[in-house]
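Here the structure is laid out as structure tokens; the discussion comes afterwards.
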Amino acid sequence: MSDASTPSRDEPADPDVRAALTEAARRSGFGRVEPGERPTAHALWGAVGGVRGLIESLLPGFLFLIVFTITQEVAPSVLVPLGIAVVFVLVRALTRSPIAPAVIGLVGIGLSAGLALWTGRAEENFLLGFVINGVWLAALLVSLLVRRPLIGVITALLTGDAEWRADPAKRTVLTVATWLWVGMFVLRLGVQVPFYVAEQAAALAATKLLMGLPLYAAVLWVTWLMVRAVYARGAASTAPAGDAAPE
């Protein structure tokens, strides 16, 4: 039996699990635009967290780059970003904003700083990022290997479209979109790991800034366009003739 004939296998057996996964998908950057809807700059801005998200994502890495370039010392280069991460948490707490994103960022920066201080190597500040990118890359590749491309699974959770794999157009587009994300993580690791091996911490910091949020936003935008195209076409083909727009 072909995989396209068993779309129901994509649905979690437990409704509570499905509800939790759907909520997680909606909270992700990908869930900012419903499949079939037209993506907007406002939606993309929201997906990266707006002004606050932009600052919290880029400022710690930028400070590391500046401090390390000036001092060539590990301690101040990792402690300054750690301090600003603490400030981010305090600001969110005082303004009663959702604190989880800042706490997660603080934990990541803290672990990375601790590893760099323990080894005395500034490059180790980026090791955790390699691990995270590697885990995402492995998850995407496994999803493709088992013919459940991750972007398709997320889209199905957002739309309730359990039969997407039975539609050749949707299956192809969502598979290609998943490969697009594979390419992003491969590109990151392929460019940054050689700098890590060569102990070029400043170059590593600069490339991480360029290939972090900006590259993520670009790939997310292209993914939205791809998913919108295939779902909008599907909606148009199934609409009653009387619903067509007048010429």
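Laboratory data are not the source of any read-out in this text; all were calculated from the coordinates shown. All values reported here derive from a predicted model rather than from experimental measurement. Using ideal geometry, Cβ is built from the backbone for each residue, glycine included, and neighbour counts are taken over all protein chains shown.
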Efficiency of FRET from Cβ geometry, Ala218 and Leu111, R₀ 35 Å, rounded to 0.05: 0.80
Prolate/oblate/rounded label for segment 87-166 (Cα gyration tensor, a/c 1.5): oblate
Rough spin-label spacing in nm, given labels placed 7 Å along Cα→Cβ, for Leu79 and Leu210: 3.1 nm
Principal axes of segment 123-236: Cα extent on each, largest first, Å: 53, 25, 18
Mean Cβ count within 10 Å, highest first, over the residues of peptides 175-186, 108-119: 175-186, 108-119
Spin-label pair Ala169/Val135, simplified geometry with 7 Å Cα→Cβ offset, distance in nm: 3.7 nm
